[in-house]
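The values are calculated or read from the model by the stated rules, or taken from the named source; none is laboratory data. Small disclaimer: the values here were computed from a predicted structure and weren't measured. Positions of Cβ are generated from backbone atoms using ideal geometry, with glycine treated the same way; all protein chains shown enter the neighbour counts. When the accessible area is computed, the model is the full protein with side chains, heavy atoms only, and any ligands, DNA or RNA have been set aside. Shrake-Rupley method; radii C 1.70, N 1.55, O 1.52, S 1.80 Å.
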Amino acid sequence: MIAFLGFGFAATFGVFLAPMSSELGWGRETFSLSVGVQALVWGFSQPIAGAIADRYGTARVLAFGAICAGIGFALRGMTTDPIAFILTGILVGAGTGAASFPIVIGALGKIVSPERRSFILGLGTAAASLGMFVAAPTATMMISAIGWQTALIAIGFSFTLILPFLIFIARASKPTASGSSAGDFGRALSIAFTDRSYLCLFFGFFVCGFHVAFIQTHLPAFVVDLGLAASIGAWSLALIGLFNIAGSFLSGWSGQKYSKKGVLSGIYFVRALVIAAFILVPVSEVTVLIFSALMGLLWLSTVPLTMGLVAQTQGLKFFSTLAGLVFLSHQTGGFVGAWLGGRIYDVTQDYTPMWWAAVVLGLLAALIHLPIREEPGALARAELSSNS
């Protein structure tokens, strides 16, 4: 439920781009920069939130995040100043970094057996995707019914719905690195960043963030630019969320049956093919919806496999911290994808260079994941040794 509530509106905020930019007279770079700042702050806050969760438990991290993200979204509905709007990305990014699905699936990953871990991580990711499916058309309907300002304030209040569920999180999710010093965390990081497998996961996840942030921020406006209805843009994001439910389950299941790195490489390769096909064929309502469904199957299906490999190669003691750092790379890619999309559009009035950049990066990511060794690294072996 927390993954469902904490991710949906943050992931579908792109439906506000066209109406806000049009009404306020902004170029698309202003909106895109706010989303980019949100992605980057989300990324930087993720390992910090993960370290706090490892040492003190998950519930208080989620509480802070829910309140912070809620305030940030509400402020977005109250400001018409572009600088203030860009700065709200700091609040929303810090909040979603502490209250979104990476922290939730980190907690899930610690309380299930290794044999079931990738499937359960897929379940948590699917819950986040269901939030995306519900949020996109809901936000569009609210914009039409009550205006974008009131809609954003209402979205801010929706984050308070997370708070009652923290009672159950506090009971289930216990610290795994309580008593560890700053030096222990530092040593864990130095060991992880000398592990080839961890580095491949770190740099490969940048590409996922680039794809996700560019598409979820700019696809609705891209659709409107082509003369299609705004509702098609909203439903394109909703379809991505809907089909990603199936993609996340399939990804989690395949991670139990097949090589995780092989499946990851395949996902990025197919992403590149789907994006290339989308920009090479004439765009219509049908092709937009088909593209959204196919991208949905591939959307966050990288998450259970990537996080499963972090746990498998680095162990669980510092899992939330190390998974958070990998997610920082994802969100750095998100910043580039969201901001650069708006910048290039304002300069050229065309998204084509961004689409082709997404294709090239997808092919590169398919290659980056191949050298991963799917066995415990030095950090995981040390944890196994101390436990035995």
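Just the residues that are among the aliphatic types (A, V, I, L, M), in contact with a Ser or Thr (Cβ under 7 Å, 6 or more places away or on another chain) and modelled with pLDDT of 90 or more, please, taken from the range 338-370.
Selection gives Ala366, Leu370.
In the range 64-85, what count of residues is obtained for those that are open to solvent by less than 30 Å² (accessible area, probe 1.4 Å) and either of a type in the set (S, T, N, Q) or within 21 Å of Gln331 (Cα to Cα) (or both)? Step through it out loud before you land on a result.
We begin by selecting, within the range 64-85, every residue open to solvent by less than 30 Å² (accessible area, probe 1.4 Å); these are 65-66, 68-70, 72-74, 76-77, 79, 85.
From what is left, the residues that are either of a type in the set (S, T, N, Q) or within 21 Å of Gln331 (Cα to Cα) (or both) are 65-66, 68-70, 72-73, 76, 79, 85.
Adding up the residues that qualify gives 10.
Residue check: is Val336 in a helix (DSSP H, G or I) and either open to solvent by less than 10 Å² (accessible area, probe 1.4 Å) or touching a His at 6+ places or on another chain (Cβ under 6 Å) (or both)? Step through it out loud before you land on a result.
Details: in a helix (DSSP H, G or I): yes; either open to solvent by less than 10 Å² (accessible area, probe 1.4 Å) or touching a His at 6+ places or on another chain (Cβ under 6 Å) (or both): no.
No; evaluated as a whole, the condition is false for this residue.
Specify which of the listed residues (Ser292, Ser251) is closer than 19 Å to Ala221 by Cα and crowded, with 19+ Cβ neighbours inside 10 Å. Talk me through it step by step, then tell me what you get.
On the way: Ser251 fails: closer than 19 Å to Ala221 by Cα.
Going through Ser292, Ser251 in turn, just one is closer than 19 Å to Ala221 by Cα and crowded, with 19+ Cβ neighbours inside 10 Å: Ser292.
Within the set of pairs 6+ apart or on separate chains, which have a first residue in the range 361-376 that is more than 16 Å from Phe210 (Cα to Cα) and assigned to a helix (DSSP H, G or I), a second that is open to solvent by less than 60 Å² (accessible area, probe 1.4 Å) and of a type in the set (D, E, K, R), and C-beta atoms under 6 Å apart?
Sorted first by the residue in the range 361-376, then by its partner, the list stays empty.
Going by the conditions given, is Leu189 open to solvent by 50 Å² or more (accessible area, probe 1.4 Å), closer than 28 Å to Pro304 by Cβ, assigned to a helix (DSSP H, G or I) and modelled with pLDDT of 90 or more? Spell out how you get there, then give the answer.
Values: open to solvent by 50 Å² or more (accessible area, probe 1.4 Å): yes; closer than 28 Å to Pro304 by Cβ: yes; assigned to a helix (DSSP H, G or I): yes; modelled with pLDDT of 90 or more: no.
Judged against the criteria, Leu189 is not a match.
Restricting to the range 276-289, and then to whatever is among the hydrophobic types (A, V, I, L, M, F, W, C) and assigned to a helix (DSSP H, G or I), can you tell me which residue is most open to solvent (accessible area, probe 1.4 Å)? Break it down stepwise before answering.
Initially, the range 276-289 is screened for residues among the hydrophobic types (A, V, I, L, M, F, W, C), giving 276-281, 283, 286, 288-289.
Add one more test, that the residue is assigned to a helix (DSSP H, G or I), and what stays is 276-280, 286, 288-289.
Details: Ala276: 18, Ala277: 51, Phe278: 9, Ile279: 45, Leu280: 123, Val286: 96, Val288: 0, Leu289: 57 Å².
It comes out as Leu280.
List the residue pairs whose Cβ atoms are under 6 Å apart, where the first residue sits in the range 242-258 and is in a helix (DSSP H, G or I), the second is open to solvent by 10 Å² or more (accessible area, probe 1.4 Å) and among the small types (Gly, Ala, Ser), and the two are 6 or more positions apart or on different chains.
Hits for this filter: Phe243/Ala293.
Assigned to a helix (DSSP H, G or I), free of Cβ contacts under 8 Å to residues at least 60 places away in the same chain and more than 20 Å from Pro47 (Cα to Cα), is that true of Ala136? Please lay out each step first, then the result.
Numbers: assigned to a helix (DSSP H, G or I): yes; free of Cβ contacts under 8 Å to residues at least 60 places away in the same chain: no; more than 20 Å from Pro47 (Cα to Cα): yes.
No; evaluated as a whole, the condition is false for this residue.
Pairs please, first residue from the range 220-235 and under 20 Å from Phe9 (Cα atoms), second anywhere and of a type in the set (S, T, N, Q) and open to solvent by 10 Å² or more (accessible area, probe 1.4 Å), Cβ atoms under 7 Å, 6+ apart in sequence or on different chains.
From residues that are under 20 Å from Phe9 (Cα atoms), the pairs are Ala230/Thr140; Ser231/Thr140; Ala234/Thr140.
Taking into account only those residues within the range 49-63 that are hydrophobic (A, V, I, L, M, F, W, C) and over 15 Å from Phe319 (Cβ atoms), which is least open to solvent (accessible area, probe 1.4 Å)? Let's see the steps before the verdict.
Step one: list which residues in the range 49-63 are hydrophobic (A, V, I, L, M, F, W, C), which gives 49, 51-53, 59, 61-63.
Checking which are over 15 Å from Phe319 (Cβ atoms) leaves us with 59, 62-63.
Working: Ala59: 21, Leu62: 1, Ala63: 27 Å².
For the range 49-63, the residue satisfying everything is Leu62.
Leu322: in contact (Cβ under 8 Å) with a residue 60 or more places away in the chain and either outside any helix (DSSP H, G or I) or surrounded by fewer than 24 Cβ atoms within 10 Å (Cβ to Cβ) (or both), yes or no?
Numbers: in contact (Cβ under 8 Å) with a residue 60 or more places away in the chain: yes; either outside any helix (DSSP H, G or I) or surrounded by fewer than 24 Cβ atoms within 10 Å (Cβ to Cβ) (or both): no.
Here the answer is no, as Leu322 does not meet what is asked.
Condition check: under 30 Å from Asp184 (Cβ atoms), aliphatic (A, V, I, L, M) and in contact with a helix residue (DSSP H, G or I) (Cβ under 9 Å, 6 or more places away or on another chain). Does Ile71 satisfy that? Write out each step before concluding.
Working: under 30 Å from Asp184 (Cβ atoms): no; aliphatic (A, V, I, L, M): yes; in contact with a helix residue (DSSP H, G or I) (Cβ under 9 Å, 6 or more places away or on another chain): yes.
Against the criterion (under 30 Å from Asp184 (Cβ atoms), aliphatic (A, V, I, L, M) and in contact with a helix residue (DSSP H, G or I) (Cβ under 9 Å, 6 or more places away or on another chain)), Ile71 does not qualify.
Return the pair list, or none, for Cβ contacts closer than 8 Å from residues in the range 179-198 that are closer than 13 Å to Ala380 by Cα to residues that are at pLDDT 80 or above and of a type in the set (Val, Ile, Thr), at least 6 apart or on different chains.
Asp195/Thr313; Ser197/Thr313; Ser197/Ile372; Tyr198/Val310; Tyr198/Thr313; Tyr198/Val326
Can you find, within the range 1-34, the residue that is nearest to the chain's Cα centre (by Cα) among those that are among the β-branched types (Val, Ile, Thr) and farther than 19 Å from Asp350 by Cα?
The initial filter retains those residues of the range 1-34 that are among the β-branched types (Val, Ile, Thr), namely 2, 12, 15, 30.
Add one more test, that the residue is farther than 19 Å from Asp350 by Cα, and what stays is 2, 12.
Working: Ile2: 14, Thr12: 11 Å.
Going through the qualifying residues, I end up with Thr12.
Determine whether the range 254-271 contains at least one residue that is of a type in the set (A, V, I, L, M) and surrounded by fewer than 19 Cβ atoms within 10 Å (Cβ to Cβ). Don't jump to the end; show me each part of the working.
First, pick out the residues of the range 254-271 that are of a type in the set (A, V, I, L, M): 263-264, 267, 270.
Add one more test, that the residue is surrounded by fewer than 19 Cβ atoms within 10 Å (Cβ to Cβ), and what stays is 270.
Yes.
In the set Ala238, Ala272, which member is part of a helix (DSSP H, G or I), of a type outside the set (Ser, Thr, Tyr) and over 16 Å from the mean Cα position of the chain (by Cα)?
Numbers: Ala238 fails: over 16 Å from the mean Cα position of the chain (by Cα).
Answer to the check: Ala272.
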